[in-house]
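The values are calculated or read from the model by the stated rules, or taken from the named source; none is laboratory data. None of these values were measured; they are calculated from a predicted model. Here the Cβ is made from the backbone with ideal geometry for all residues, glycine too, and neighbour counts use every protein chain on show.
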Amino acid sequence: MSSIVSIKNLTKTYANGFQALKGVDLEIREGEILALLGPNGAGKTTLISIVCGLAMPSSGTVLVGGHDVVKDFRATRKLIGLVPQELTTDQFETVWNTVSFSRGLHGEKRNPALIEQILKDLSLWEKKDNKLRELSGGMKRRVLIAKALAHEPRILFLDEPTAGVDVELRRGMWAAIERLRETGVTVILTTHYIEEAEEMADRIGVIRKGELLLVEEKRALMQTLGRKALHLELKTPIILLPPALAALGVTLGADGRELVHEYGNGAGDARIGQVLATVEAEGLSISDISTRQSSLEDIFVSLVETH
């Protein structure tokens with residue numbers, strides 16, 4: 001799959017000496033959903049701002065659709081739709097006029113049929129004549145997405161797209177973004193909701209203190225860095241863990257009622273039978289068995305803490 005955004009050795013240092021980005025290299029594939037995860041101040045918004053032409057890089061290059069974002073600003077900006085964190089809208093304008101005006105700002109001819117389809121896709125059609133001040137926060141955020149799509153961009157940047165949105169609206173927006181990907185739009189989102197990235201993204205990028213720690217396929221990331229745990233609940237609590245179980249890497253819960261065997265990357269799978277056999281040999285009775293697997297949030301926290 002070809003890259004639609006190519007970022008090479010990108011740095012950004014502000015006048016006060018703060019280095020927001022430190023040699024970032026990133027290839028964004030056409031038609032994918034890429035989630036950028038990172039704590040506050042990690043450099044996510046700075047990265048997006050440079051790609052969208054809203055901030056100048058200190059060094060490095062950014063190509064969008066083969067065009068340099070500094071030298072060919074007009075060409076690259078036309079390819080990009082941006083949904084910012086802030087709800088920056090004219091509160092006294094209607095939904096229809098707001099989205100239509102955004103298309104005109106990018107030099108595109110009127111296309112009422114397209115605007116209608118965008119509003120319907122984002123469940124805004126029934127609100128088309130409402131003024132923005134009459135909408136909920138979640139609906140206003142959908143209007144921002146509609147504005148960003150009005151000029152038919154090939155790339156959509158979503159900076160915290162569901163911040164302040166309730167769970168029902170959030171899932172509706174996930175579905176809308178998935179439909180966009182199906183039409184060939186490349187989607188890059190930053191989010192604090194790890195489950196959002198886990199639900200939607202094809203690849204995950206983790207950024208911290210201006211450095212891109214990794215970019216990996218979601219499934220491969222969870223398989224490589226994820227861990228599983230076998231939990232055995234005992235009918236009768238024990239005070240000391242039998243040495244035979246300790247030798248297998250089993251640990252005893254604080255209340256003496258639970259045995260835990262952690263494993264990952266395929267390692268330890270074969271030991272499950274051995275653990276169960278040893279538990280039986282030690283005369284321990286099990287009342288319940290369960291397994292748990294690391295979530296993307298567990299992996300993200302581990303990566304950030306490790307670095």
Completion exercise
Taking the stretch 91-129 and keeping only residues that are among the hydrophobic types (A, V, I, L, M, F, W, C) and assigned to a loop (DSSP other than H, G, I, E, B), one is left with Phe92, Leu122, Leu124
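Kindly indicate which of Ala113, Ala75 is closer than 18 Å to Ser3 by Cα, without any contact (Cβ under 8 Å) to a residue 12 or more places away in the chain and over 26 Å from the mean Cα position of the chain (by Cα).
Ala75
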Handout entry: Sole exception among (1) farther than 27 Å from Ser136 by Cα; (2) in contact (Cβ under 8 Å) with a residue 12 or more places away in the chain for Ser100, by number
Key = (1)
Fill in the blank from the handout: Taking the stretch 261-307 and keeping only residues that are modelled with pLDDT of 80 or more, part of a loop (DSSP other than H, G, I, E, B) and on the phi < 0 side of the Ramachandran plot, one is left with Glu282, Leu284, Ser285
Problem - Top-ranked residue in the stretch 18-56 [being in a loop (DSSP other than H, G, I, E, B) and within 15 Å of the chain's Cα centre (by Cα); ranked as nearest to His67 (Cα to Cα)] - result: Glu32
